[in-house]
Amino acid sequence: MSRRARTSADSADVWPAWVRTTVLVALVLVVGIGVVVALYDRGLLALTGPLVVLVVAPAVGLAGIAVARRRWSSQQRRTGELLSQLVDLLEVELGQDQERRHSRADDGQVRAALRRAQEARAQLAWGRGQGVAELEKLVRTTRSWPPGTPLSTASARLDRESARLRRTESLLERLRAGRARRSGSAPDRQSS
């Protein structure tokens, strides 16, 4: 097995995105604080306030986006785990006779729920927000099933986690839209 030579294009892959963002925010803050201290030392107090706002606001915005991305990522993983559990329960349910099923649903309903669960899991694994919409459809489907069963319990946990995921996703979109408005560019729609 040979090692390939690392090029400058590969160096961006060395650190994860959260480390690069943290370093960038720290660099902006250090440079900004240095400029503010220099201006204050020279007696240019009138320029210090606006400069603080110009330096601190983008740093706080970037930090907010980084925190929201990290939260979305961890909630996405938890939701994926819950979806895997629900897929397993639906596969077991599909293997049973209709009169022995906890859900009392026919084959078509269980297969449709299984398809939705697998599609939502795939969408979330790719980091796409459409998985949340598919997840909400799945939860609406399983709400009609009798309560107190393993399927309804797993579906209720999934419903709570999808609500958290939806809130974090909307927060992330608002932060991105605000950042794009301030910079004058189109918002970045990529979920990471």
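Within region 126-158, which residues are open to solvent by 50 Å² or more (accessible area, probe 1.4 Å) and under 19 Å from residue 72 (Cβ atoms)? Answer for region 126-158, where residues must be open to solvent by 50 Å² or more (accessible area, probe 1.4 Å) and under 19 Å from residue 72 (Cβ atoms): 126, 128, 130, 136, 157. Quick check: is even one residue across region 17-24 more than 28 Å from residue 165 (Cα to Cα) and either touching a residue at least 12 places away in the same chain (Cβ under 8 Å) or more than 21 Å from the chain's Cα centre (by Cα) (or both)? The answer is no; no qualifying residue exists.
Do you know which of the residues in region 50-80 that are surrounded by fewer than 13 Cβ atoms within 10 Å (Cβ to Cβ) and over 19 Å from residue 25 (Cα atoms) is nearest to the chain's Cα centre (by Cα)? Looking at the filtered set, the residue picked out is 74.
Inspect all residues belonging to region 106-126 and state whether any of them is in contact with a Leu (Cβ under 6 Å, 6 or more places away or on another chain), of a type outside the set (A, V, I, L, M, F, W, C) and without any contact (Cβ under 8 Å) to a residue 40 or more places away in the chain. Yes.
Are any of the residues in region 84-101 part of a helix (DSSP H, G or I), in contact with a His (Cβ under 8 Å, 6 or more places away or on another chain) and over 30 Å from residue 33 (Cα atoms)? Yes. Taking the numbered list (1) at pLDDT below 75; (2) part of a helix (DSSP H, G or I) in turn, residue 6 passes all entries but (2). With respect to the conditions (1) surrounded by 11 or more Cβ atoms within 10 Å (Cβ to Cβ); (2) assigned to a helix (DSSP H, G or I), residue 41 falls short on a single one, namely (1).
The values are calculated or read from the model by the stated rules, or taken from the named source; none is laboratory data. These numbers were taken from a predicted model, which means no experiment stands behind them. Ideal geometry is used to build each Cβ from the backbone, glycine not excepted, and the neighbour counts take in all protein chains shown. The accessibility values were calculated without ligands, DNA or RNA, using every heavy atom of the protein model including side chains. Shrake-Rupley method; radii C 1.70, N 1.55, O 1.52, S 1.80 Å.
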